Amino acid sequence: MNAFAAIDRRALALHLAVIAVLFVLQFVLPAYHHGIMARILVLAVFAMGYNLLFGYTGLLSLGHAMFFSAGLYGAGLSVYHLDWSVPAAFGAGLAGGLVLSAAVGFLALRTTGVAFLIVTMMFGQVAYLFTLYFTDWTRGEEGLTLPQAARVLGPLDLTDPTTRYFAALVLFTIALFVTLALVRAPFGRVLVAIRENEERTRMLGYDTFRNKLGATIASGVICAASGAAYVLLFGYFGSSFAAVQYSILPLLWVLVGGAATTLGPLLGTILMFYLVDLSNDLLNSRFPDWDVSYLGIVGVALVLLILFFPKGLLGSVRDRWVRWLP
Amino acid sequence: MTALVETRGLSRRFGGLQAVDGVDFTLPEGEIRAIIGPNGAGKTTFVGMICGRVAPSSGSILFDGADITSMPADRRVMVGIAYTFQITSIFANLTVEENVTLAAMRRHVGRAGQRYSAAELQDASLSALERVDLQNYASKTAGNLAYGHQRLLEVAMGLALEPRLLVLDEPTQGLSDTEIEGFIELVRDIGREATVLLIEHNMPVVMALAETITVMDRGRIIAEGTPEAIRADRAVQEAYLGAPADG
Ligand SMILES: Nc1ncnc2c1ncn2[C@@H]1O[C@H](COP(=O)(O)OP(=O)(O)OP(=O)(O)O)[C@@H](O)[C@H]1O
Ligand SMILES: [Mg+2]
C-alpha cells in the first residue's frame, strides 16, 4: 500500500487512538447511548463520503441522500423481496451507489458552483420521487421493516446491540482508513488542487473532469455503504431517508466537525446528534406545552460555531494549533 | 531545425471581435521567442490556443509535427506544453512545495507511465524551487509570498513539468528591477533545454532574451525578425514601439 506510506506516524497514531476509544466506549456506555453511538458511527460514514466531495474536492452537492438511499434501498429491497443474504445485499447497495454516482456524476459535473448544487438537488428529488412512485415495492413514506431472521451474518445476529455496535465500528474503521489513504494519495492531492484552483490544475496536465468523476463515485459508494449498513443493522427503510433533509444533514455534520478533515465528520455527527437530542429533552422538560422546535437551539449553536470556528471544529483546530492534522 | 510549434490560419473570434486573425506562425525547437504587441493585440488569445485554453474558431496547430488542434489542454501538458498565466495562478492556500509537487507529480506519473517514489518526487520539486531560488520558502503558504515570488513559483511549476515548450505570459509584470535581472538569467538558463515562448511588454527584457521577435497587432502578425530588425521596422514603430504618445 503505497498510499499508507504517505500517512505520517502522528496521523496514523491519532486515528488508531480514535478507533481504540470507540472500541472501549462500547463497554462503558449505558444502553441508550450505546444504541445512539452505533447509529452515529454508521451515519458518520455517510458524512465522510460527503466530505470527500464537499470538503476535499470543493463540490457542494445537495443530493447526497440519493447515494445513501441507493445503498439503503439496494440492500433493503434485495433482502426484503429477494431474500438475499446480508453480504449479498450489502454488495447490492454498494453497486447501486456505484452506478448511480457514476451516472449522476457524469451528467452533473458538466456544471459547476450553484448550478451543480441545483442539478444534484434535482437528481436527489427524482430519486426521492422514485421511492414514492414504486410504492408497491417500497411502501413509500411508511417504509419497510426487515425481518429479524434475515439480519444475520453467519453466526452473528446483527440485531444484537453489541454485535451491531461492532459491525458499525468495523464499517466506520474501514471507511476512515480508506478516506485517509485516498486523501493522502496523489488522487486526493489532485482533488484538493481542483478545489483550490481548477484551471491551474488542468493546466498542470490533470484531467479535472475525470478526477472529479472519480471523487463523485468514491463519495457515492462510501455513502451507499453507510445506507446499506444502516438498513441491515437497524432494519428499517423508508422514503424519508431519500428526502432533501438527508442531503442537508451530512453537509451540517461536515461543516460542524470540519470540512476536509478526516475526523471532522465523526465529530460533527456526534455533536449534532446529541445537540438535537439534548435540546429536544431540554425544551420538552422546561416548556412542556410550548411545542417549540429544537431547530432554534440548533440554529443558535450553528451561528456560534460559524462565529468562533468558521472552518468547523477540527478545521479551526488545524489552522490554529495542529497543522499536521489530515 | 524542425518546427516545434506551427500554426496555420489560426483564428479566434469573440462575438464581433476578431481577436486572432489567420495567424501563420512557426517556432523552431530550441529558440527563445518573444511575442510583443499593444494591449489587446491578441497575444494571450494566440498562445491560449497553442496551450489549449482557448478553442480556435478556425485554423490548425501542429506540435512537433502532430496536429493538436483538438487535443484537450491537459493532454497538451503531457506532450510537453507548459503555460504560466498572465494573471498569477497558483494554489494560494497550499505550501510552496505542494504547488510544485503537484506539477512534478503529473510529470512523473504521466509521461513516464510509471510510479515515482516519494523521495524522487521531493527531489524533483526541490530542484525546481532551487532553479528559481525559492527553496528556502518551501514550507511557506504560497499565498503569503511576495508578488514577485509568486510569479517565480509559477515558473517553477512550469519547470517541474519539464516541458519542451514553456509559454510565459508577461512574467515580469510587477517585478522589481533586481528581480527582473535575475529573471532574465533564469529564462536564458531554461532556454538551454526548452523552447521558450515569451509574451512581454518590457522591451529591455525582450531585447536581452529573444532570438526572434514576433510582433502582433489587431490579431495579426505584422512583423517578425531579429531584435535589431524589429527595432528598425517602421510598421512596428507605428503600431507599438514608437507609437506617438497619446496620453
Ligand atoms: N474570453 C474573451 N471574451 C471576449 N473577448 C475577449 C476574451 N479574451 C480576450 N478578448 C478580447 O480579445 C482581444 C485580444 O485579447 P488578448 O488578451 O489576447 O490580448 P493581449 O494581446 O494578450 O493583450 P494584453 O497585452 O493586454 O494582455 C481583446 O480585445 C480582448 O478584450
Ligand atoms: Mg495578454
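Let me know the charge dipole size of chain A about its Cα centre in debye, to the nearest 20, where only the beta-carbon of Lys, Arg (+1) and Asp, Glu (-1) is charged.
Using only the charged Cβ atoms, the result is roughly 1180 debye.
Modelled label-to-label distance, residue A:134 and residue B:173, 7 Å Cα→beta-carbon offset: nm?
5.5 nm
Quote the relative contact order of chain B in percent (integer), defining contacts as alpha-carbon pairs under 8 Å separated by 6+ residues.
Taking the mean separation of contacting Cα pairs over the length of chain B, I get 26 percent.
What does the highest-first list of B:97-107, A:151-161, A:203-213, A:277-287 look like by mean Cβ count within 10 Å?
Working: B:97-107: 25.9, A:151-161: 14.5, A:203-213: 21.6, A:277-287: 12.7.
By packing density, highest mean first, the sequence is B:97-107, A:203-213, A:151-161, A:277-287.
How big is the charge dipole of region B:89-162 about its Cα centre, in debye rounded to the nearest 20, if each Lys and Arg gets +1 on its Cβ and each Asp and Glu gets -1 on its Cβ? Don't skip to the answer; put the middle values down first.
Details: 7 positive and 8 negative charges, 42 e Å.
Dipole magnitude for region B:89-162 comes out near 200 debye.
Kindly write out, for region A:163-171 in residue order, the coupling ³J(HN,Hα) from the Karplus curve 6.51 cos²θ - 1.76 cosθ + 1.60 (θ = phi - 60°), rounded to whole Hz, with x marking Gly and Pro.
Once rounded to whole Hz, the list reads 4, 4, 4, 5, 4, 4, 5, 4, 4.
Ordering B:216, A:121, B:78 by accessible area with a probe of 1.4 Å, largest first, what comes out?
My answer, sorted largest first, is A:121, B:78, B:216.
If you roll a 1.4 Å probe over the heavy atoms of the protein chains, what accessible area per residue do you get for region B:171-236, in Å²?
Dividing the accessible area of region B:171-236 by its residue count gives 47 Å².
For region B:89-162, what is the accessible area per residue in Å² when the probe is 1.4 Å?
Numbers: 3150 Å² over 74 residues.
About 43 Å² of surface per residue is accessible.
Tell me which residues come under 5 Å, amide H to amide H, from residue B:95 once H is placed; ignore anything under 5 positions away on its chain.
HN-HN under 5 Å from residue B:95: B:142.
So, with +1 on the Cβ of K and R and -1 on the Cβ of D and E, and no other charges, what is the size of the charge dipole of the protein assembly as shown about its Cα centre, to the nearest 20 debye?
1040 debye
Å³ per residue of the Cα convex hull, for region A:1-115?
Convex hull volume per residue, Cα atoms: 169 Å³.
Label-point separation (nm) for residue A:20 and residue B:17, each offset 7 Å from Cα along Cα-to-Cβ?
Spacing of the two 7 Å Cα→Cβ label points: 6.3 nm.
Using a 1.4 Å probe on protein heavy atoms, which residues of region A:193-214 have at least 30 Å² less accessible area in the complex than alone?
Hits at the 30 Å² cut-off: A:193, A:196, A:197, A:199, A:200, A:202, A:203, A:204, A:205, A:206.
Got the relative contact order for region A:2-320 handy, in percent, Cα pairs under 8 Å and 6 or more residues apart?
Dividing the mean separation by the residue count of region A:2-320 yields 31 percent.
For region B:140-214, I need the span (max minus min coordinate) of the C-alpha atoms along each principal axis, in Å, sorted largest to smallest.
So the extents along the principal axes, rounded to whole Å, are 37, 27, 17.
When DSSP assigns beta bridges and you keep just the ones with both residues in the protein assembly as shown, what percent turn out antiparallel, to the nearest 5?
Around 60 percent of the beta bridges assigned by DSSP in the protein assembly as shown are antiparallel ones.
At what distance in angstrom do the alpha carbon centres of region B:1-32 and region B:52-110 lie from each other?
17 Å
Under 4 °C and 1.567 mPa s, how fast does region A:124-282 diffuse according to Stokes-Einstein, given a Kirkwood radius computed over C-alpha pairs? Answer in µm²/s, whole number. Please list the in-between numbers first.
Values: Rh = 18.2 Å.
Calculated translational D: 71 µm²/s.
Can you pull the Kirkwood radius for region A:2-320, inverse mean 1/r over Cα pairs, to one decimal in Å?
Mean inverse Cα-Cα distance, inverted, gives 20.1 Å.
Taking 2.2 N^0.38 Å as the expected size of a compact globular protein, what ratio does the Cα radius of gyration of chain B give against it, to two decimals?
That works out to 1.01 for chain B.
Which order do A:145, B:95 take by accessible area at a 1.4 Å probe, largest first?
The most accessible residue leads, giving A:145, B:95.
For the protein assembly as shown, what is the mean residue ellipticity at 222 nm derived from helices alone (per DSSP H run of n ≥ 4: -39500 (n - 2.57); sum divided by total residues; nearest 500 deg cm²/dmol)?
Only helices count here, giving -18500 deg cm²/dmol.
Evaluate the distance, in nm, between pseudo-label points positioned 7 Å from the Cα of residue A:141 and of residue B:211 along their respective Cα→Cβ axes.
The two pseudo-label positions are separated by 7.7 nm.
Mind giving me the FRET efficiency for residue A:33 and residue A:324? R0 is 41 Å, r the Cβ-Cβ distance, nearest 0.05 is fine.
Step by step, r from the Cβ atoms, then E = 0.85.
So with the 1.4 Å probe, I'd like the accessible area per residue for region A:2-320, rounded to whole Å².
I get 43 Å² per residue for this part.
So, with a 1.4 angstrom probe, what is the percent of accessible area on the protein assembly as shown that is carbon and sulfur?
Answer for the protein assembly as shown: carbon and sulfur cover 60 percent of the accessible area.
Calculate the translational D of region A:87-203 in whole µm² s⁻¹ from Stokes-Einstein, where the hydrodynamic radius comes from the Kirkwood formula applied to all Cα pairs, the temperature is 20 °C and the viscosity 1.002 mPa s.
My calculation gives 119 µm²/s for D.
How many Å² of accessible surface get buried when A and B come together, counting both sides, probe radius 1.4 Å, rounded to the nearest 100? Can you show the working numbers first?
Working: alone 15350 and 11540 Å², together 24910 Å².
Summing both chains' loss of accessible area gives about 2000 Å².
Summarise the partner chain shielding of B:152-159 as one whole number: the mean count of Cβ atoms from other chains within 10 Å of each residue's Cβ.
Values: counts 0, 0, 1, 0, 0, 3, 2, 0.
Partner-chain Cβ atoms within 10 Å, mean over residues of B:152-159: 1.
Cα atoms only: what Rg and Dmax, in Å, come out for region A:229-282?
Cα only, region A:229-282: 12.7, 32 Å (Rg, Dmax).
How high is the FRET efficiency between residue B:181 and residue B:123 when r is their beta carbon distance and R₀ equals 25 Å, given to the nearest 0.05?
For R0 = 25 Å, the calculated efficiency reads 0.35.
Measure out, as a whole number of angstrom, how far apart the alpha-carbon centroids of region A:201-263 and region A:120-168 sit.
Here the answer is 17 Å between Cα centres.
At a temperature of 20 °C and a viscosity of 1.002 mPa s, determine how fast the protein assembly as shown diffuses translationally according to Stokes-Einstein, using the Kirkwood radius over alpha-carbon pairs as Rh; express D in µm²/s, rounded to the nearest whole number.
Numbers: Rh = 26.6 Å.
For these conditions, the coefficient is 80 µm²/s.
Count, for each residue of B:79-88, the Cβ atoms from other chains sitting within 10 Å of its Cβ, then give me the mean as a whole number.
Details: counts 1, 1, 2, 3, 3, 2, 3, 0, 0, 1.
Averaged over the peptide's residues, the number is 2.
Any chance you could look up the accessible area of residue A:308 with a 1.4 Å probe, heavy atoms only, rounded to 10 Å²?
Solvent-accessible area, nearest 10 Å²: 130 Å².
Please give the FRET efficiency for residue A:81 paired with residue B:92, using the beta carbon to beta carbon distance and R0 = 30 Å, rounded to the nearest 0.05.
In this case the efficiency is close to 0.05.
The values are calculated or read from the model by the stated rules, or taken from the named source; none is laboratory data. Keep in mind that this is a model prediction, so the values were computed, not measured. So basically every Cβ, Gly included, is an ideal-geometry build from the backbone, and we count neighbours across all protein chains shown. In case anyone asks, the SASA skips ligands and DNA or RNA and just uses the protein heavy atoms, side chains included. Shrake-Rupley method; radii C 1.70, N 1.55, O 1.52, S 1.80 Å.
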